[in-house]
1. Give me the Kirkwood hydrodynamic radius of the range 102-148 in Å, from all C-alpha pairs, to one decimal place?
2. Could you pull out which residues in the range 9-43 have an amide N less than 12 Å from a spot 7 Å beyond the Cα of L246, following the Cα-Cβ vector?
3. Once you charge only the Cβ atoms, +1 for Lys and Arg and -1 for Asp and Glu, what is the size of the charge dipole of the range 1-90 about its Cα centre, to the nearest 20 debye?
4. Sum -39500 (n - 2.57) across every DSSP H segment of at least 4 residues in the chain, then divide by the residue count to get the 222 nm mean residue ellipticity, nearest 500.
5. Quick one: putting +1 on the C-beta of Lys and Arg, -1 on the C-beta of Asp and Glu, what dipole do you get for the chain around its Cα centre, in Debye to the nearest 20?
6. Using Cα positions and a limit of under 19 Å, work out the aspartates and glutamates in reach of K80, with same-chain residues fewer than 8 apart set aside.
7. For the chain, what is the accessible area per residue in Å², given a 1.4 Å probe and the full set of protein chains?
8. Out of every Cα-Cα pair in the range 1-53, what percent are more than 18 Å apart?
Amino acid sequence: MSELHKFLFDGLPVRGAIVRLTDAWAEVQQRRAGNSDTGAYPAPVSALLGEMLAAGLLMQSSIKFNGALILQVQGDGPVKLAVAELQPDLALRATATVRGAVPDGAGFAAMVNAGGAGRCAITLDPAERLPGQQPYQGVVPLHSVEGEKFQNLAQALQFYMLQSEQLDTTLVLAANERVAAGLLVQRMPLKGAANLGAGQEGERDAIGANEDYNRIAHLAASLTREELLTLDVDTILHRLFWEEGLLRFVPQEGASGPRFACRCSRSRVGAMLRNLGAEEVQSIVAEQGQIEVGCEFCGQQYHFDAVDAAQLLAAGPQPPSSSAVQ
């Protein structure tokens, strides 16, 4: 099952986390593959979404924030938008908008930053906003200060953490059709509490200057994509950090771990159809034989035949519902 492990390095200003998505990642792919209009994403796009989900979970798990973390990559290549949404209870979902051919083996830059105008954004959307409160958002380009295009998502997010949060961060990400996984190692403030988007400040040493972090980051970066996808968590941590003192938290898995969840449901779609009115619903059924509604986010399709439509209308008016299933 999907699992998240968090740990600290004893006596050092360094924290880490590792995530493996299996059943949750399978659900994301199956919903999209089952959509008769879109079908499955091209393999490189699917891998990008898997890496985004893994990275988003790692970042969500390292902050004290009651709300959604939304990771977005906006591109000027065939992938116009890729989104991963992570809730504080580790519920997750992802989607992508693809406009154009994505060849097998397409790289990150070719998919989302072909013309150099790609952007990466992280939004923190509070679960309960105060009056006038806006979501926190940070945006960075998909290239270095020198203008060199990032070749993978990990490079872009490491750059984001340096530019927006002034935190040394090392990320290793990988995804295939079975597993989406990631490893994060991050330098913590020497004093105080750093909280992404919370505006807190602690006393820190200079970026890149902490020798303990640099040593651990070098070890983390030695993890290969194949190892991340195939080895279990205990084996990975032992291989990388067997000489370090690790303080490990209780793993989050099962009901408390990462899991797929989308806000769409048959009942929400039914409420939306009732809001259209009997005349509109009956007209669609008469013309097409049924009503088909697809979730714009996860791809799940909901079908209503003439009998289903009659039962919906007989239920009477319902409270207003959004016209889009998201």
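The values are calculated or read from the model by the stated rules, or taken from the named source; none is laboratory data. Computed from a predicted structure; not experimentally measured. Please note: Cβ atoms are built from the backbone with ideal geometry, for glycine as well, and neighbour counts cover all protein chains shown. In case anyone asks, the SASA skips ligands and DNA or RNA and just uses the protein heavy atoms, side chains included. Shrake-Rupley method; radii C 1.70, N 1.55, O 1.52, S 1.80 Å.
1. So the Kirkwood estimate lands at 13.2 Å.
2. Only 9-10, 16-19 fall inside the zone, counting backbone N under 12 Å.
3. It comes to approximately 140 debye.
4. The helix-only estimate for the chain comes to -9500 deg cm²/dmol at 222 nm.
5. In total the dipole reaches around 300 debye.
6. Output for K80: D37, E51, D104, E296.
7. 47 Å²
8. The proportion of pairs with Cα distances above 18 Å equals 47 percent.
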